[in-house]
Amino acid sequence: MAYRAGDGPRLYRAAPPESISGGVLAAEDSHLRQVGGSAVFCQQAARECKARGAAGFWANWSRPAEGAMAALTAELDAALSRQGLALWVGEAYGPGCPAAQVLVSSALSGGTLKGRLSEAMDRLGGNRVVLAVERMAADFALPAVSGQGQPLTPRELAALREQHRPKRWYSGEFCAWYFAYEREGQVHLVLYDDGESIRRKLLLAKDLGIVQALVAWAEVKDCVDTIFAAKG
């Protein structure tokens, strides 16, 4: 994440670029306030990819896929495609960027991960879906009517497991581990990932025909050897 989109829009370096080479260049939009013509931005993105030997560009936008942002991203998709470069976009931007690779999150609020990925492949095109792995750790007070749990930090998760010493089970539907405990008369269900469950997420995606994934190093550096074991 060494780039950012700024007013204009223009592409700016957000980190020292000397060591960047290959891969996919990533830019975020927190400094972008005004979106006018997009031609210069598209030219800058393509030129930077070529200069860095990158295969493409990740538009890591936090804004809704509408209005000027949707138009900018669609033009970026067309411009990069003409030069043989890939564009990675969030799921909401996928329909408006027909040549782009579309990031589909592993996070679930219901259903199954297999069902979610299969539906996304049918809707967007199987060759365009990239699994975006989000490491899960959440505490659900039952009954969890909203489907939303309380996020847990690694330290909070470890403290719960140390305090309650629960038996854990694996959910094939979520591709995640879970355990239950009781606090003040209410049952809580904790869903969480480790290296093995993330590995299984990747293997599920591979079985479905998804050949690319995005895994954030900061989330998995403690278990990367398990995730990317040679046998898989």
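The values are calculated or read from the model by the stated rules, or taken from the named source; none is laboratory data. Predicted model, so just to flag it, every value in this text is computed and none were measured. To get the accessible areas, we keep the full protein, side chains included, count just its heavy atoms, and leave off ligands, DNA and RNA. Shrake-Rupley method; radii C 1.70, N 1.55, O 1.52, S 1.80 Å.
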For the range 219-224, Karplus couplings with θ = phi - 60° (6.51, -1.76, 1.60), whole Hz, Gly/Pro x: 7, 10, 5, 7, 9, 5
I need the phi-derived Karplus couplings for the range 162-174: 6.51 cos²θ - 1.76 cosθ + 1.60, θ = phi - 60°, integer Hz, Gly and Pro marked x. 5, 6, 9, 6, x, 7, 10, 10, 10, 9, x, 5, 8
Just reorder H31, H188, H164 by solvent-accessible area, largest first, 1.4 Å probe, all chains present. H31, H164, H188
Mind telling me which of G185, G56, G209 comes out most flexible in a GNM of the chain, alpha-carbon contacts under 10 Å? G185
Measure nothing but the geometry: give the 0 to 90° angle between the long axis through the Cα atoms of 113-124 and the longest principal axis through the Cα atoms of the chain, rounded to 10°. 20
For the range 92-136, report the translational diffusion coefficient in µm²/s to the nearest whole number, using Stokes-Einstein at 25 °C, 0.890 mPa s, and a Kirkwood Rh over Cα pairs. 226
Collect residues whose amide H, placed 1.01 Å from N in the peptide plane, falls under 5 Å from the amide H of S105; neighbours closer than 5 in sequence don't count. A132
Ignoring ligands, DNA and RNA, how do R82, R161, R116 rank by accessible area with a 1.4 Å probe, largest first? R82, R161, R116
On average, how much area does the Cα convex hull of the range 61-139 cover when viewed from any direction, in nm²? 5.9
Please give the direction-averaged projected area of the C-alpha convex hull for the range 119-232, in square nanometres with one decimal. 8.4
Between A27, A216, A137, where does the largest GNM mean-square fluctuation fall for the chain, given springs only between Cα atoms within less than 10 Å? A216
Once F179, F174 are ranked on solvent-accessible area with the largest value leading and a 1.4 Å probe, the list reads F174, F179
Hydrodynamic radius by Kirkwood for the chain, inverse mean 1/r across distinct Cα pairs, in Å, is 19.5
